[in-house]
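Note sheet for the following structure.
The values are calculated or read from the model by the stated rules, or taken from the named source; none is laboratory data. This structure is a prediction, so every number in the text was calculated from the model and none was measured. All Cβ positions, even for glycine, are placed from backbone atoms using ideal geometry, and neighbour counts span all protein chains on display.
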Amino acid sequence: MATSVLRIPMIRYNFETIQLVREKLKEWTEEIRGKRRQGATPKEGADQKSPEPAAGGDIQSYMIVVDPDFFPSASERAFFNHLPTSFALLPETVDRIREAARRILVQSPEFQRLLRNLRE
């Protein structure tokens with residue numbers, strides 16, 4: 001019970017932090033587009049939302065979240081959620097973290113969108 005009560009504020013904090021970063025990422029993307037548009041010489045009558053690179057339309061951002069809570073297995077989630085924050089992890093633990101991150105990325109729609117766009 002105490003673990004659940006303590007975990008609720010942390011979950012809310014993580015959710016709010018992710019939402020804040022998502023909003024900031026959108027703002028930064030638009031700021032970069034705006035600055036590139038200012039330096040561009042758009043064609044007469046060109047749309048401000050032009051996909052042309054000179055108009056800044058080629059800038060895209062990707063919010064890719066790697067979270068062990070995405071695992072369906074309760075034991076796997078528990079393992080990762082209880083890891084200490086440390087620079088002294090066992091090599092086997094590091095390997096397990098890297099494999100978990102790979103699996104999460106493979107399942108991430110946003111990461112897959114990034115890969116598709118890089119291939120184009």
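Report whether or not G34 is of a type outside the set (K, R), modelled with pLDDT of 80 or more, more than 21 Å from the chain's Cα centre (by Cα) and outside the structural domain of P109 (by TED's automatic domain parsing).
Numbers: of a type outside the set (K, R): yes; modelled with pLDDT of 80 or more: yes; more than 21 Å from the chain's Cα centre (by Cα): yes; outside the structural domain of P109 (by TED's automatic domain parsing): yes.
Considered against the rule, which asks whether it is of a type outside the set (K, R), modelled with pLDDT of 80 or more, more than 21 Å from the chain's Cα centre (by Cα) and outside the structural domain of P109 (by TED's automatic domain parsing), G34 comes out as yes.
The residue that is surrounded by the fewest Cβ atoms within 10 Å (Cβ to Cβ), among those in segment 62-75 that are within 30 Å of E23 (Cβ to Cβ) and out of contact with any Phe, Trp or Tyr (no Cβ under 8 Å at 6 or more places or on another chain), is P72. Within segment 94-120, the set of residues being farther than 14 Å from P68 by Cα and polar (S, T, N, Q) comprises Q112, N117.
Here P51 clears all of (1) modelled with pLDDT of 85 or more; (2) in contact with an Asp or Glu (Cβ under 9 Å, 6 or more places away or on another chain) except the condition numbered (1).
Of all residues in segment 76-110, those satisfying the criterion of being part of a loop (DSSP other than H, G, I, E, B) and either surrounded by 14 or more Cβ atoms within 10 Å (Cβ to Cβ) or polar (S, T, N, Q) (or both) are T85, S86, L89, S108.
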